[in-house]
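Novice: Here you go, one structure.
Only the coordinates and a few stated rules stand behind these numbers; no lab work does. From a predicted model like this one, the values you see are computed outputs, not experimental measurements. Cβ placement follows ideal geometry from the backbone for every residue including glycine, while neighbour counts extend to all protein chains displayed.
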Amino acid sequence: MPNRTAALVDAFRNAYQAAPSGAVRAPGRVNLIGEHTDYNHGFCLPMAIQRDVRICWRRRDDDRVRVVSMEQQGVVEFALTTPIPHATDKASRWADYVKGCAQVLQDAGVNLKGCDLAITGDVPLGSGLSSSAALEVASMLAFLAAAGASLSNEEIAKLSQKAENTYVGTNCGILDQLSSACATEGQAMLMDCRTLRLTPAPLPSGVSVVIADTGKRRGLVDSAYNERRNQCEAGAKALGVLHLRDVTMHGLWQAVARGRLDATAKRRCEHVVAEDGRTIAAFACLRAGDAVAFGELMDQSHADLRDKFEVTCAELDGMVAIARALPGCLGSRMTGAGFGGCTVSLVRDEAVAAFVPELEKRYRAEFPTMTPAVYVTRAAAGAGALAL
Ligand code: GLA
């Protein structure tokens, strides 16, 4: 049994004086390209990472749920009545992701059973690697397992997104939850956020995916994120479509020429329309094994996120610029919602050993108040049961 799972089993035994019946895991994700496209019904190209949320569970004879986390203090307890009350104090707000899952599963007609849960996670919080989605998808799996029920991975992703939208109150798209629930080990995947179709594609041989956490946590992200969503929706409306997925660059420029979009809306829409095209092109690069062209598309994506979508910050731009100047780096960009968090870089295998410490060193020199973390990741499997 891997160490983290063994430690979690110990934590479960300590909290509940009994052995868990089962365990599940759900990974975080890194989006290689296709940013702020999911809620526009467009395309993304994520892969699951080797960091995850793990939950041990045991069914109870009543309708109560108890939750402990190895990274948080205290026990959160609630009954499976609906509506399930939200946290009343800041310290237990993390458990709202778990409660939200119980709520939407019940709303969807699943007959949940009371259970004891112990959780551990090593996806850094608020860093753009989908720690929330990993917690939601793992919670879904634990509740379903304890109830002896099952749902398809796609349904689990959709309900997890619903929990975040309706219970936690963050208006995210489907990218994070679908990546966590449905990823394939060793593969990136083209995600069509309209049909939810996933098409796996292997990373080119000879290159590694390097994640660099700027240490800057996203402040005020919800309001800025929602503002971007609203701007995209307003842009689509002005262009006469429901979603920007259905706009071509030609159509966009014609509308601009007719004065139908203001300068801000033009920039936002240009990013989304171009990013969809880049994402499909990047998928073709993966199929062709062309890591150099893939890297160029990553660079272009970052430039648009900085200049047109305006969701980067000094730390993200700095980390990307430093990475690009190092030997063996083929492309680099911010990943996730932006405003802080992580970058993702594509680096030639033979350069990785020098790239990782050098990126960290130069970033620390430029941003002395930040604590960066740089690590290589392979494409992990999507969520599922863990052997005990
Ligand atoms: C966050 C959201 C996703 C997606 C990305 C931006 O991670 O949760 O739904 O919109 O930002 O691509």
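Novice: Treating only the Cβ atoms of Lys and Arg (+1) and Asp and Glu (-1) as charged, compute the dipole magnitude of region 202-377 about its Cα centre; round to the nearest 20 debye. Mind showing how you got there, number by number?
Specialist: Numbers: 22 positive and 22 negative charges, 83 e Å.
Its charge dipole is roughly 400 debye.
Novice: In addition: Can you give the local net charge around residue 293? Use residues other than it whose beta-carbon is closer than 15 angstrom to its beta-carbon, Lys and Arg +1, Asp and Glu -1.
Specialist: Charge balance near residue 293 sits at +1.
Novice: Here's something else I'd like to know. So, by mean Cβ neighbours within 10 angstrom, what's the order for 193-205, 44-56 with the highest one leading? Before the final figure, lay out the partial values.
Specialist: Values: 193-205: 15.2, 44-56: 26.2.
Peptide ranking by packing, descending: 44-56, 193-205.
Novice: On average over all directions, what projected area in square nanometres does region 107-226 have, based on the convex hull of its Cα atoms?
Specialist: Values: hull surface 37.3 nm².
The Cα convex hull of region 107-226, projected and averaged over all directions, gives 9.3 nm².
Novice: As I understand it, the dipole of the chain uses +1 on the Cβ of Lys and Arg and -1 on the Cβ of Asp and Glu, about the Cα centre. Which of 33, 108, 22 lies farthest toward its positive end?
Specialist: 108
Novice: Once the other residues with Cβ under 13 Å from the Cβ of residue 305 are scored (Lys, Arg +1; Asp, Glu -1), what is the net sum?
Specialist: Details: positive: 228, 267, 268, 278, 306, 308, 333; negative: 35, 270, 275, 299, 304, 307, 310, 317.
Overall, the nearby charge balance is -1.
Novice: Here is a follow-up. What is the angle, in °, between the Cα long axis of helix 291-307 and the longest principal axis of the Cα atoms in the chain? Nearest 10 is fine, range 0 to 90.
Specialist: Approximately 90 degrees, to the nearest 10.
Novice: Just want the answer: with Cβ charges of +1 for Lys and Arg and -1 for Asp and Glu, which residue in 291, 373, 340 is farthest toward the dipole's positive end in region 202-377?
Specialist: 340
Novice: So for region 202-377, taking the charge dipole from beta-carbon charges (+1 Lys/Arg, -1 Asp/Glu), which of 305, 353, 257 sits furthest toward the positive end?
Specialist: It is 257, whose Cα lies furthest towards the positive end.
Novice: Can you give the charge dipole size of the chain about its Cα centre, rounded to the nearest 20 debye, using +1 on the beta carbon of Lys and Arg and -1 on the beta carbon of Asp and Glu? Spell out each step's value before the answer.
Specialist: Values: 42 positive and 43 negative charges, 42 e Å.
Using only the charged Cβ atoms, the result is roughly 200 debye.
Novice: Residue 79: net charge of surrounding residues, Cβ under 10 Å, Lys/Arg +1, Asp/Glu -1, itself excluded?
Specialist: -2
Novice: Using only Cα atoms, tell me the angle between helix 314-325 and the longest principal axis of the chain; keep it within 0 to 90° and round to the nearest 10.
Specialist: Compared with the principal axis, the helix lies near 70 degrees.
Novice: To continue, here is another question. Considering only DSSP states other than H, G, I, E and B, which GluC sites (Glu not before Pro) in region 140-241 qualify as loop sites with at most 14 other Cβ atoms within 10 Å? Provide the component values of the computation, followed by the final result.
Specialist: Details: sites: 154, 155, 164, 185, 227, 233; in loops: 185.
Here the sparse-neighbourhood loop sites are 185.
Novice: Can you pull the three principal axis extents for the Cα set of region 202-377, in Å, largest first?
Specialist: Cα spread of region 202-377 along its principal axes, largest to smallest: 51, 40, 22 Å.
Novice: With angles folded into 0 to 90 degrees, how steeply does helix 96-107 sit against the dominant principal axis of the chain? Use alpha carbons for both and round to 10.
Specialist: 80 degrees
Novice: ³J(HN,Hα) across region 38-49 via Karplus (A = 6.51, B = -1.76, C = 1.60, θ = phi - 60°), whole Hz, x for Gly/Pro?
Specialist: In residue order, the calculated couplings are 4, 6, 9, 6, x, 10, 9, 9, x, 9, 6, 10 Hz.
Novice: Find how much the distance from residue 303 to residue 77 grows on full extension, using 0.36 nm per residue of separation minus their present alpha carbon separation; answer in nm with one decimal.
Specialist: Details: separation 226, 0.36 × 226 = 81.36 nm, distance 4.59 nm.
Difference between extended and current length: 76.8 nm.
Novice: Normalise the Debye intensity by I(0) for region 37-147, one equal point scatterer per Cα, no solvent, then take log10 at q = 0.15 Å⁻¹ and round to two decimals.
Specialist: Normalising to I(0) and taking log10 leaves -0.67.
Novice: Using +1 on the beta carbon of Lys and Arg, -1 on that of Asp and Glu, and nothing else charged, what's the dipole of region 142-293 about the Cα centre, debye to 20?
Specialist: Numbers: 18 positive and 16 negative charges, 102 e Å.
Using Cβ point charges on Lys, Arg, Asp and Glu, region 142-293 gives about 500 debye.
Novice: Once you have all Cα-Cα distances for the chain, histogram them in 10 Å bins from zero and send the whole-percent values.
Specialist: In whole percents, the pair-distance histogram is 5, 24, 31, 24, 12, 3, 0.
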